[in-house]
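Notes follow the structure.
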Amino acid sequence: MPTFRYKLIAFALSAGIAGAVGGIHAMYVGFLTVSGTFELTVGLYVVLMSVLGGARHWLGPAIGAAFITTLLYAFISGGEAMIGRAIVGLTLILAILWLPDGLLPAIKKWRLRSRTAGDRPIAEVAPVVTAAKPVGERNILEVRAVTKRFGGLQALAGVDLEVREGEIFGLVGPNGSGKTTLINVISGHYPLSSGTVAVDGVQIGGLAAHEIARRGVARTYQIPRPFVNMTVLENVTLAATFGGKSRSSAEMRDEALHWIGFTGLSGKADVLPAGLNLHERKFLELARALAARPKLLLLDEVLSGLNPAEVDSAIRLVRAIRAQGATIVFVEHVMRAVVELSDRIAVLNEGKLFALGAPREVMRDPRVVSIYLGKAYAA
Ligand SMILES: Nc1ncnc2c1ncn2[C@@H]1O[C@H](COP(=O)(O)OP(=O)(O)OP(=O)(O)O)[C@@H](O)[C@H]1O
Ligand SMILES: [Mg+2]
């Protein structure tokens, strides 16, 4: 989605509401002075209203405002006003100490916890039953002479690659060799410095990330970045909402539930991301990417940090995704998975394509071993 545009609209809307309220307040009070409007207490009350109710829930500030206003008006006359202010001050201290997220999120968390109490199954992916489609002849991704510079640093120095439809394509290389950068320029996260990228025959180099996503490219991030205040289901529904055609909210929820089940997270749909382990957070990232129904899926180290059993389940999952018809480019350091999964692999080194071919041959190539482990091990 065009995040800049949405953030700008959100900012304009909230600034507009605040401006309108300021106008109403001025009419209500009858006069305005700079010192009266900009003194510390006005700002403090506004902050307390949202802190108390919960700034991240639309109803939170309303609840906070109702509470504070009632309190201040209850103690309006002379000496009593001081008591009102003292109670407001005390509330602020207590809210910051005990309810840093506000009342509403605290209630929501408490309700989720009581509902999700008890043992829940750990993410488990069912083995694929559908036979994988054979790799097609058509190129779904064509990368030509792609370069990316960050100031004086050449992260990609002219990379050429083709990925065929239905292929699982492994992208490996030592740390800092440009793997993530390649995914970032294909998905539009960073603009290209030069070169071209085509997906399904359409040039996408230079398009904004959301335009590229609309053309069927989805990606995961090396470090999972879910929305921490939304449940697993809400996180995936959001991706389904912006990922595809416009549908009813019930349909999008079903779509999200489908991908949550597909990635083995069914038991965790109502859990907040903080309640997931690393393995499950990585699968949530995958479920979000899948909810956009991509033709081409770019995975950045979804297996790193997983134990051997979790790697097995992730390998099954990647195969299941391919069986559904997606093409997968994945960056990985777990060599067992690279060799088991990939149809072909490309090795990057210092921003250049170093080797390309069948996984076992490439990984046995002494030149490839030497860039990973140094020349001494290559023999
Ligand atoms: N936003 C950025 N600004 C400046 N330099 C960057 C940026 N992103 C990446 N680089 C640099 O580009 C080079 C390639 O980085 P990249 O993250 O693509 O490596 P990688 O192959 O994904 O490594 P790893 O296996 O450690 O994830 C590195 O030297 C890195 O420091
Ligand atoms: Mg990387």
LEU272 open to solvent by less than 20 Å² (accessible area, probe 1.4 Å) and either more than 16 Å from ligand 1 (Cβ to nearest atom) or not assigned by TED's automatic domain parsing to the domain that holds GLY170 (or both): no
Evaluation of LEU32 against (1) surrounded by fewer than 17 Cβ atoms within 10 Å (Cβ to Cβ); (2) in a helix (DSSP H, G or I) (one fails), failing number: (2)
Segment 35-77 - residue that is assigned to a loop (DSSP other than H, G, I, E, B) and touching a residue at least 12 places away in the same chain (Cβ under 8 Å) and, of those, most open to solvent (accessible area, probe 1.4 Å): ARG56
Members of segment 307-345 that are part of a loop (DSSP other than H, G, I, E, B), more than 16 Å from ligand 1 (Cβ to nearest atom) and in contact with a Leu (Cβ under 8 Å, 6 or more places away or on another chain): ALA326
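Suppose the filter is out of contact with any strand residue (DSSP E or B) (no Cβ under 7 Å at 6 or more places or on another chain), aromatic (Phe, Trp, Tyr), more than 21 Å from GLU211 (Cβ to Cβ) and surrounded by fewer than 23 Cβ atoms within 10 Å (Cβ to Cβ); does PHE283 pass it?
Considered against the rule, which asks whether it is out of contact with any strand residue (DSSP E or B) (no Cβ under 7 Å at 6 or more places or on another chain), aromatic (Phe, Trp, Tyr), more than 21 Å from GLU211 (Cβ to Cβ) and surrounded by fewer than 23 Cβ atoms within 10 Å (Cβ to Cβ), PHE283 comes out as no.
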Some residue of segment 69-87 being out of contact with any Gly (no Cβ under 7 Å at 6 or more places or on another chain) and under 30 Å from PHE227 (Cβ atoms): no
Set GLY325, GLY357, GLY305, GLY351: member being within 17 Å of GLY178 (Cα to Cα) and among the small types (Gly, Ala, Ser): GLY351
Whichever residue in segment 314-344 is buried (at least 20 other Cβ atoms within 10 Å of the Cβ) and of a type outside the set (A, V, I, L, M, F, W, C) and, among such residues, is farthest from GLU165 (Cα to Cα): GLU332
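Among residues belonging to segment 1-29 that are part of a helix (DSSP H, G or I), closer than 30 Å to THR237 by Cβ and not aliphatic (A, V, I, L, M), point out the one that is farthest from the chain's Cα centre (by Cα).
GLY16
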Considering residues of segment 231-260 that are of a type in the set (A, V, I, L, M) and within 12 Å of the chain's Cα centre (by Cα) only, the residue surrounded by the most Cβ atoms within 10 Å (Cβ to Cβ): VAL236
Flag if VAL159 is β-branched (Val, Ile, Thr), within 16 Å of ligand 2 (Cβ to nearest atom), touching a helix residue (DSSP H, G or I) at 6+ places or on another chain (Cβ under 8 Å) and in contact (Cβ under 8 Å) with a residue 60 or more places away in the chain: yes
Tally, over segment 291-301, of residues that are in contact with a helix residue (DSSP H, G or I) (Cβ under 9 Å, 6 or more places away or on another chain) and open to solvent by 10 Å² or more (accessible area, probe 1.4 Å): 4
Residues of segment 78-108 satisfying the condition of being under 11 Å from VAL51 (Cα atoms) and crowded, with 17+ Cβ neighbours inside 10 Å: THR91, LEU92, ALA95, LEU99, ASP101, GLY102, LEU103, LEU104, PRO105
ALA239 outside any loop (DSSP other than H, G, I, E, B), under 30 Å from GLY267 (Cβ atoms), more than 16 Å from ligand 2 (Cβ to nearest atom) and out of contact with any Leu (no Cβ under 7 Å at 6 or more places or on another chain): yes
Candidate set from segment 165-188 (those that are of a type outside the set (Gly, Ala, Ser) and more than 12 Å from ligand 2 (Cβ to nearest atom)); member that is most open to solvent (accessible area, probe 1.4 Å): GLU165
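The values are calculated or read from the model by the stated rules, or taken from the named source; none is laboratory data. If you're wondering where the values come from, they're calculated on a predicted model, not measured in any experiment. Backbone-built Cβ (ideal geometry, glycine too); neighbour counts: all protein chains shown. Surface areas here come from the heavy atoms of the whole protein model, side chains and all, with no ligands, DNA or RNA. Shrake-Rupley method; radii C 1.70, N 1.55, O 1.52, S 1.80 Å.
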